[in-house]
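The values are calculated or read from the model by the stated rules, or taken from the named source; none is laboratory data. Fair warning: this is a prediction, and the values are worked out from it, not measured in the lab. Heads up, the Cβs are rebuilt from the backbone with ideal geometry, glycines too, and the neighbour counts pull from every protein chain shown. With ligands, DNA and RNA removed, areas are computed over all heavy atoms of the protein, side chains included. Shrake-Rupley method; radii C 1.70, N 1.55, O 1.52, S 1.80 Å.
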Amino acid sequence: MDIMVGFVVGVMVVAPVGPISLLLITIGLERGAGAGVRAGLGVAAADAALLLVVFAAAERQTALDPTWQRGIEVALGAGLVLIGVRAVVARAGITKAVERIQRPGRVLMVATLANPMTVLAWLGLMVALGSELGQGWALARTGLGIVLASLAWHTALGAASGSVGERLSPARRILVQRASGVAMVGLGVLLAV
């Protein structure tokens with residue numbers, strides 16, 4: 001594999017909307033394009049760090065214990081349900097919480113690093129592609145392509161949501177926030193069940 005193939009694979013992994021993307025979109029909508037881009041940079045930095053760890057783990061063929069993995073999924077799912085319900089019913093609280101985020105890049109980097117879904121996505125990539133990823137420099141080129149995909153996707157998502165948020169009326173932002181909350185509840189239920 002090379003950088004372009006890594007980029008395409010990376011987009012396929014990072015494009016599905018999950019809790020980190022929903023938080024990124026919310027930050028962009030509420031705080032503007034600059035905050036959205038900084039948040040996207042944080043997600044991309046975390047993806048790069050996680051890829052290094054996952055590539056190293058793949059070399060040693062280590063994985064999470066299934067019991068721990070399931071416990072983390074249930075806890076994350078319950079947390080997403082709570083956050084999603086709050087987003088649907090308590091609009092002012094979400095806005096205030098997002099406004100209190102001083103450094104969106106750092107916050108989303110930590111959230112991404114702590115998100116088991118992200119770790120599992122990258123581990124799944126390793127399992128699915130295995131030896132196709134290559135070794136040595138071939139693996140490094142593929143990894144670079146994946147990181148570039150994360151960087152492009154997440155910063156574009158942050159900028160676009162910020163641009164849209166600046167044009168939306170407060171009532172429309174509430175509607176988007178509630179839709180995101182419903183999506184978060186759905187993801188949480190899927191994880192916890």
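Residue under question is V37, and the condition is that it be open to solvent by 30 Å² or more (accessible area, probe 1.4 Å), modelled with pLDDT under 85 and of a type in the set (V, I, T); does it hold?
Working: open to solvent by 30 Å² or more (accessible area, probe 1.4 Å): yes; modelled with pLDDT under 85: no; of a type in the set (V, I, T): yes.
Considered against the rule, which asks whether it is open to solvent by 30 Å² or more (accessible area, probe 1.4 Å), modelled with pLDDT under 85 and of a type in the set (V, I, T), V37 comes out as no.
Quick one: A48 ticks every box in (1) at pLDDT below 70; (2) open to solvent by 20 Å² or more (accessible area, probe 1.4 Å); (3) under 18 Å from the mean Cα position of the chain (by Cα) bar one, so which box is it?
It is condition (1) that A48 fails.
Select from region 143-181 the residues that are loosely packed, with under 14 Cβ neighbours inside 10 Å and over 19 Å from G36 (Cβ atoms) and list them in ascending order.
Of everything in region 143-181, just one residue is loosely packed, with under 14 Cβ neighbours inside 10 Å and over 19 Å from G36 (Cβ atoms), namely A171.
Here is a list of conditions, (1) at pLDDT below 70; (2) closer than 27 Å to R173 by Cβ; (3) open to solvent by 40 Å² or more (accessible area, probe 1.4 Å), and V85 meets all of them except one; can you say which number that is?
Condition not satisfied by V85: (1).
Yes/no matrix, rows are residues, columns are (1) under 21 Å from V5 (Cα atoms); (2) out of contact with any Gly (no Cβ under 8 Å at 6 or more places or on another chain); (3) modelled with pLDDT of 75 or more; (4) aromatic (F, W, Y):
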{"residue": "T62", "(1), (2), (3), (4)": "no, yes, no, no"}
{"residue": "D65", "(1), (2), (3), (4)": "no, yes, no, no"}
{"residue": "L76", "(1), (2), (3), (4)": "no, no, no, no"}
{"residue": "V81", "(1), (2), (3), (4)": "no, no, yes, no"}
{"residue": "A90", "(1), (2), (3), (4)": "no, yes, no, no"}
{"residue": "G93", "(1), (2), (3), (4)": "no, yes, no, no"}
{"residue": "R100", "(1), (2), (3), (4)": "no, yes, yes, no"}
{"residue": "G134", "(1), (2), (3), (4)": "yes, yes, no, no"}
{"residue": "P170", "(1), (2), (3), (4)": "no, yes, yes, no"}
